[in-house]
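First the structure, in the form of structure tokens, and then the observations on it.
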């Protein structure tokens, strides 16, 4: 049996709920996973309680104030037991996974969506194919969110261990993102507009629905390339962000292959497009052949009454 | 003046349809191109050279077929093109070990690469290479400035952070708010004549092997409705059937 260690997924210095999914992924290897929480203050590790861990280590260091790849990898390496390491698959966690693996001379498998014994499956070619690899001995595995049902129970009290890291960068300044909205890569629901929206001003209709259901607003590459008012940060697709929400609503998006690459793994897909032959409909669970002007007001009213 | 290295990888054209034959992806009829994020790495490397001097070397690992993307980089303006000869599949540990030796041989002081390659999407190479070299790394960089020290802009907790760092470092590049330069006719002519510096480095054994590749499971056919009024029913289904609201 392989000893497994979960590196807790952190968000704003708190343990993110997806950490419980990582524990569930680790449990597929058998045994009781240890969860290591990178924290500045040991109180931040409280969030790892009841996530199914066999034990919890609060790895406490000033090095964890801001993400610094070298600093985090060195500070964690000093306190993380040997074995197979499981991390989240956010951009930061994948970066950390790669550094930790290299530091220990291990190989890394990124974006796991299934684990079966020593066989690990990940999407490749932007989700156009799936690849299963076999690992020999310990490895570092980053696991996508919304794949494993969260574990529960287990350890509550962390053991606090002080550590130090070799931080090599310094933050000069933080620059607020142009938009206060949810990031498409982090949202459970994403509503995206394409060039079919007609003009960037019409994205207010998407924003209104987003506000009702707590969604992030995304855009196709065509929309981002056509309109300066639509920033690249909103772009979903191969050269934008890859999203994996529970619900993806595509409005006025035809479904170019590079857009599909960024959103096809969404759990449910709704497509609204006036062209019945748009490729997006082949990937939609629910398709509505209509203009956005017809469909969005109806959708918004229905959602508003549901959300009370 | 910095010795600048940019890593480039040959991948299938991102608009290509991926087909599977047997238990492997079949790329035999797919056009191969430089991985899209590598184009931002090449552009940032060229900007670094313009600001600080030095020379830019484009480096890849692969067979002779990969010379094409090195020539593409040469046409854009890099000074040297180097390929480490390799034909076998490599896991991240093997590839990074080879790259670390190549960067050391070439005397690199800063390495640029794409944030991930369009085939694996893993994004392991930049940070893993940096760790092996004992260097700093910053990933998903969307901009870099070279005046009065070296600083990069990267996403951080929903915002952007401008970070200063010192060399040596590995910088993995995301799409930034800038255009990438295209080759001109002179560059293309020079690239045609340019010789690839082919090197051989011993490849360590891999502990990860590919078992199979397959197409993603097809989704069951969805429900399609005509007319905007159907949005009300879809909203109900999202709540009652899909349970996502």
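The values are calculated or read from the model by the stated rules, or taken from the named source; none is laboratory data. Please read all numbers here as calculations on a predicted model, not as lab measurements. Note: ideal-geometry Cβ built from the backbone for every residue, glycine included; neighbour counts use all protein chains shown.
Based on what the data block shows, is residue B:77 more than 19 Å from residue B:207 (Cα to Cα), modelled with pLDDT of 95 or more, out of contact with any strand residue (DSSP E or B) (no Cβ under 7 Å at 6 or more places or on another chain) and away from chain A (no Cβ under 11 Å)? Yes: the conditions hold for residue B:77.
Check off (1) within 22 Å of residue A:102 (Cα to Cα); (2) surrounded by fewer than 24 Cβ atoms within 10 Å (Cβ to Cβ); (3) touching a strand residue (DSSP E or B) at 6+ places or on another chain (Cβ under 6 Å) for residue A:61 and give me the number that stays unchecked. The one condition residue A:61 does not meet is (3).
Exactly one residue out of A:105, A:127 is more than 23 Å from residue A:32 (Cα to Cα) and touching a residue at least 40 places away in the same chain (Cβ under 8 Å), and it is A:127.
Of the residues making up the stretch A:98-112, those that are facing another protein chain (nearest Cβ under 7 Å), touching a strand residue (DSSP E or B) at 6+ places or on another chain (Cβ under 6 Å) and either surrounded by fewer than 24 Cβ atoms within 10 Å (Cβ to Cβ) or outside any helix (DSSP H, G or I) (or both) are A:106, A:107, A:108, A:109, A:110, A:111.
Among strands (runs of 3 or more DSSP E) entirely within the stretch B:1-56, having at least 3 residues that are more than 11 Å from chain A (Cβ to nearest Cβ) and over 23 Å from residue A:123 (Cβ atoms) singles out B:3-7.
Tell me yes or no: at least one residue of the stretch B:86-104 is assigned to a strand (DSSP E or B) and in contact with a strand residue (DSSP E or B) (Cβ under 6 Å, 6 or more places away or on another chain). No.
Can residue B:188 be described as within 30 Å of residue B:27 (Cα to Cα), more than 14 Å from every other protein chain (Cβ to nearest Cβ), touching a strand residue (DSSP E or B) at 6+ places or on another chain (Cβ under 9 Å) and surrounded by 14 or more Cβ atoms within 10 Å (Cβ to Cβ)? No; evaluated as a whole, the condition is false for this residue. Just one of the numbered conditions (1) surrounded by 20 or more Cβ atoms within 10 Å (Cβ to Cβ); (2) at pLDDT below 95 is not true of residue B:39: (2). When B:210, B:198 are checked against the criterion of being under 23 Å from the mean Cα position of the chain (by Cα), away from chain A (no Cβ under 12 Å) and at pLDDT 95 or above, B:198 stands alone in meeting it. Only residues that are touching a helix residue (DSSP H, G or I) at 6+ places or on another chain (Cβ under 8 Å) and more than 21 Å from residue A:118 (Cα to Cα) were counted in the stretch A:81-102, giving 3.
In the set (1) within 27 Å of residue B:35 (Cα to Cα); (2) surrounded by fewer than 22 Cβ atoms within 10 Å (Cβ to Cβ); (3) more than 8 Å from every other protein chain (Cβ to nearest Cβ), residue A:239 fails one condition alone, (3). Restricting attention to the stretch A:223-233, the residues being closer than 15 Å to residue A:252 by Cα and either buried (at least 20 other Cβ atoms within 10 Å of the Cβ) or not assigned by TED's automatic domain parsing to the domain that holds residue A:262 (or both) number 3.
Criterion first (more than 10 Å from every other protein chain (Cβ to nearest Cβ) and at pLDDT below 95) does residue A:65 satisfy it? Yes.
With the structure loaded, tell me whether residue A:75 is over 23 Å from the mean Cα position of the chain (by Cα), crowded, with 23+ Cβ neighbours inside 10 Å and at pLDDT 95 or above or whether it fails that test. First the steps, then the outcome.
Numbers: over 23 Å from the mean Cα position of the chain (by Cα): yes; crowded, with 23+ Cβ neighbours inside 10 Å: yes; at pLDDT 95 or above: yes.
Considered against the rule, which asks whether it is over 23 Å from the mean Cα position of the chain (by Cα), crowded, with 23+ Cβ neighbours inside 10 Å and at pLDDT 95 or above, residue A:75 comes out as yes.
Would you pick out the residues in the stretch A:84-97 that are more than 11 Å from chain B (Cβ to nearest Cβ) and surrounded by 22 or more Cβ atoms within 10 Å (Cβ to Cβ)? Once the filter is applied, which keeps residues that are more than 11 Å from chain B (Cβ to nearest Cβ) and surrounded by 22 or more Cβ atoms within 10 Å (Cβ to Cβ), the stretch A:84-97 yields A:85, A:86, A:87, A:88. Among residues of the stretch B:122-143 being surrounded by fewer than 22 Cβ atoms within 10 Å (Cβ to Cβ) and at pLDDT below 95, the one that is nearest to the other protein chains (Cβ to nearest Cβ) is B:142. Number of residues in the stretch A:185-216 that are touching a strand residue (DSSP E or B) at 6+ places or on another chain (Cβ under 6 Å) and without any contact (Cβ under 8 Å) to a residue 60 or more places away in the chain equals 6. Here is the figure for the stretch A:260-284: residues that are at the interface with chain B (Cβ under 10 Å from one of its Cβ atoms) and surrounded by 24 or more Cβ atoms within 10 Å (Cβ to Cβ) total 6. Taken together, the residues in the stretch A:113-131 that are within 7 Å of chain B (Cβ to nearest Cβ), assigned to a loop (DSSP other than H, G, I, E, B) and over 27 Å from residue A:259 (Cα atoms) amount to 0.
If I ask for residues that are outside any helix (DSSP H, G or I) and under 16 Å from residue A:15 (Cβ atoms), which ones from the stretch A:67-79 would you list?
Scanning the stretch A:67-79 gives a single hit, A:67.
Across the stretch A:139-180, the qualifying residues are those that are free of Cβ contacts under 8 Å to residues at least 40 places away in the same chain and part of a loop (DSSP other than H, G, I, E, B), and the one among them that is nearest to the chain's Cα centre (by Cα) is A:180.
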